[in-house]
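Here is the structure we will look at, set down as structure tokens.
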Amino acid sequence: MTGVTRCLATLIVAALVAMACAPAAVAARTDGQEVTKEAENHEQAVISADEISYDESLNSVFATGNVEVAYGERILLADSVRYDRNQNSVVASGNIVLLEPSGEVMFAEYVDLKDQLRNGIIENMRILLSDDSRFAANGARRVDGRKTIMRKAVFSPCKVCEEEPDRPPLWQLKASTIIHDQDDRDITYYNAWLELFGVPVFYTPYLTHPDPTAERRSGLLTPRAGSSTIFGGFLRVPLFLAFSESIDMTVEPIITAKEPPILGLEYRQSFNNGLIKFSGSGTRADRESGDQLAPTIEQDVTRGHLFAEGGFDLDENWRTGFDYRRASDPTYLDRYDFFGDYGETLESKAFVEGFHGRTYSTGNTFGYQDLRLTDAEEEPVVLPSFDHNYLSEADGQGGRWSVDANFRSTLRDEGPNTRRLSVKGGYAIPFISDYGLATTVSASVQADGYHMDQVEVEGENENNVLAGRVIPRAAIEMRYPFVRGGQGIRQVIEPVAAFIAAPNNGNPAEIPEEDSVVVELDDTNLFSEDQIPGLDRVDTGQRAVYGLKAGLYGDRGGRMTGFVGQSYRLDNENRDGDTSDLHNGKSDYVGRLLISPDKYMDLLYRFRLAENDMKLMRGETSVALGPPSLRLTGDHIYIAAEASNGLYPDREEINADLSSQLTDYWSVGMNTRRDMTKDGGPLEHGARITYEDECFRLALIFRRDFTSSVDLEEESVFSLEMVFKSLGNVSAEQKQSR
């Protein structure tokens, strides 16, 4: 049949079907039944095929050869089709494909469907879901176009082996009856077996789970069981509750053999302009405190944690949010490690911030909880802190004005309480000479005022103390890059020098150091106008800074770069702004080396060498080597005692991870973290074996933690995790402590 003839046949059959539908609509209007509206909205069937014939005696249309029947968004493809106008039914056979509006594709050998392909029977059926999951059944029945009831059926998200298509998939669910409800997005099984490689391993008389199109649904999540020396056997049974499209909650009881149960909760709610999340846990249990060798036992105390966070867009320029983190005691989160690792300090804050072109404004409040067991100074409450930063557009000469302002108030029950107002204004202008010398000249003035209570003045604690300073500063920085191109590589050498000048001794002794305690000289702040972080201390005096940058850059993205530099203080007397990392006279040498020839190698080494004898004061190395088949990643850090003026001993630690992607699905790995000092030792070891494909993940993990303190013990953890796509995960865990 030619294209013109086929098109004409399609139009004729469409007209006949429309005529067949019209009497039904008229009849519905005549008898006044409730089906009138449905008849008026009745979709017209459009049929196209290589050959089409019409039997008036049977009032039927017959089509063969590449048949296509379209009912609105549903399309049926088959070798042959009989359309019965009296029954409004379609009987099709041979290579049947039914395309659903939801994206599902149904394959079958025979169908008898009515009511716009919404009801009927199907034989030898297969269904491909939107996420490539599959159904197969000997027979099925469609109900209202929304429910498919399958007999002797199988469901699996696993791909079929192309070389052996008859081989069972990695896992599948086989049931006497499977019901797929497309409206409710549920899949229900009766008398179901879970099979692994075709071998039945688990039976259930009833099972239900959401289909792949369901993004969230209330229900029981996969339980997790394990064993621990601390807790004995334990069972975690998370329950997910979806209250609405914008509100849900997870409730997780944790039942243990040796200790009282723990209850975990997580609540989430989204809004048009933001979201909030609350999570926490609680239990009544004993707690060890005091000295590790002779701890004090507190019996039946309330222990737990509460985290909350949220963020909201106020308009296109302003947003606000909060982050609250609190634990009942310092060791709770480490001992009850069901909820993750959160480090040594919990920070809580509330903020509002705005963005207007090159202007940034923010207001914050901060609170801290120190989880370390050592006695330390009380953490302050910062209430409030305001910052405003402004950078102008470039003027006619290319220069820019800047203004930075800050107000901060810190509160303590014991210790210094301060109120600080700081304003800094500056101007910077760049110049590039005809012969390539790039110069930047800048000048600034910083004014700070303090009102303080409970601060030490000449050995006495004083209240209502006022202090202030005004620090002008000028700087000039010059760079002269030399570039040479070659075959496939470009070389760059760039000497750089700067001179920064400010008055000497501009830091009043009464001002406590809150945000300027830790000062480390390295390649990132060597050329900074102020090498001291924060605002409580300012970098005073005059210094010259000089260094050399070099780099090799390949046309294919590879590179090797390096930098080394030093600063020289002109004021040789001890200054009140001096710290362990900022010496008078010549500073230590600082630098970095980056080697990255291709995607299989990244090496970064940062160093600080003593100026007098080139002793390594600080070294940091991070490395990533090799392809996925054998990949080594890790880092190493060394800090000499002299770098902290003897406040801390030598510190050295290494962390390494070796992994191998053995095949497309199998991978192995091991990791270690060690204290490399003389009296150090292992901190953590680990190993893992993982299998992962499109429908299943299996992970066997071992971890040995050597950390111990009061209320905590060294621990070994063995865990086995099995994740079944569309069903969830099954995991088992065993812990050993000593």
Give the shape of the range 62-103 as rounded, prolate or oblate, defined through the alpha-carbon gyration tensor: a ≥ b ≥ c are the square roots of its eigenvalues, a/c under 1.5 means rounded, and otherwise the shape is prolate if a/b is larger than b/c and oblate if not.
-> oblate
Which distance in Å, rounded to a whole number, links the C-alpha centroids of the range 57-85 and the range 529-545?
-> 84
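Cross-link list Lys424/Lys615; Lys114/Lys152; Lys599/Lys678; Lys349/Lys424: which exceed 27 angstrom alpha carbon to alpha carbon? Could you put the intermediate results ahead of the total?
Values: Lys424/Lys615 38 Å; Lys114/Lys152 23 Å; Lys599/Lys678 36 Å; Lys349/Lys424 25 Å.
Distance filter (> 27 Å) returns Lys424/Lys615; Lys599/Lys678.
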Separation in nanometres of the label points that stand 7 Å from Cα toward Cβ, at Asp79 and Ser709 = 7.5
So for Lys678, Lys174, Lys159, what's the accessible-area order with a 1.4 Å probe, most first?
-> Lys678, Lys159, Lys174
Report, to the nearest 10°, how far helix 3-31 tilts away from the longest principal axis of the Cα atoms in the chain, using its own Cα long axis and a range of 0 to 90°.
-> 80
Straight distance only, please: which lysines reach the Cα of Lys258 with their own Cα at less than 28 Å, same-chain residues fewer than 8 apart left out?
-> Lys735
Computed [θ] at 222 nm, deg cm²/dmol, the chain (DSSP H ≥ 4; -39,500 (n - 2.57); rounded to nearest 500) | -1500 deg cm²/dmol
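Tell me the relative contact order for the chain as a rounded percent, counting alpha carbon contacts under 8 Å between residues six or more apart. All intermediate terms of the calculation are to be shown ahead of the outcome.
Values: 1863 pairs, mean separation 36.8, N = 738.
For the chain, the relative contact order is 5 percent.
Find out how many positive minus negative residues lie around Gly65, taking Lys and Arg as positive, Asp and Glu as negative, among other residues whose Cβ is under 9 Å from that of Gly65. Present the calculation step by step, with values, prior to reporting the outcome.
On the way: positive: none; negative: Asp50, Glu51, Asp79.
Around Gly65, the charge tally is -3.
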Around Asp329, with a cut-off of 11 angstrom between Cβ atoms, what is the net charge of the other residues, counting Lys and Arg +1 and Asp and Glu -1?
-> 0
How far apart, in nm, are the 7 Å Cα→Cβ label points at Asn461 and Ala497?
-> 5.2
Under a straight-distance cross-link criterion of Cα-Cα below 17 Å, which aspartates and glutamates are reachable from Lys174, leaving out those fewer than 8 residues away in the same chain?
-> Asp166, Asp186, Glu195, Asp211
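If packing is taken as the average count of other Cβ atoms within 10 Å, what order do 76-87, 434-445, 704-715 fall into, highest mean first? Walk me through the numbers on the way to the answer.
Details: 76-87: 18.7, 434-445: 13.5, 704-715: 16.2.
Per-residue mean Cβ counts within 10 Å order the peptides as 76-87, 704-715, 434-445.
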Estimated FRET transfer efficiency (Arg419, Ala447; beta-carbon r; R0 22 Å; 0.05) | 0.90
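Could you give the accessible area per residue of the chain, probe 1.4 Å, as a whole number in Å²? Kindly include the intermediate steps, with their values, before the conclusion.
Values: 39400 Å² over 738 residues.
Ligands and nucleic acids excluded, the figure is 53 Å² per residue.
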Heavy-atom accessible surface of the chain: percent carbon and sulfur, 1.4 Å = 55
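The values are calculated or read from the model by the stated rules, or taken from the named source; none is laboratory data. Here the structure is a predicted model, which means the values were calculated and not measured. Methodologically, a virtual Cβ is constructed for each residue, glycine included, from the backbone with ideal geometry; neighbour enumeration extends over all protein chains shown. Each accessible area value is taken on the protein alone, full model and side chains, heavy atoms only, with ligands, DNA and RNA left out. Shrake-Rupley method; radii C 1.70, N 1.55, O 1.52, S 1.80 Å.
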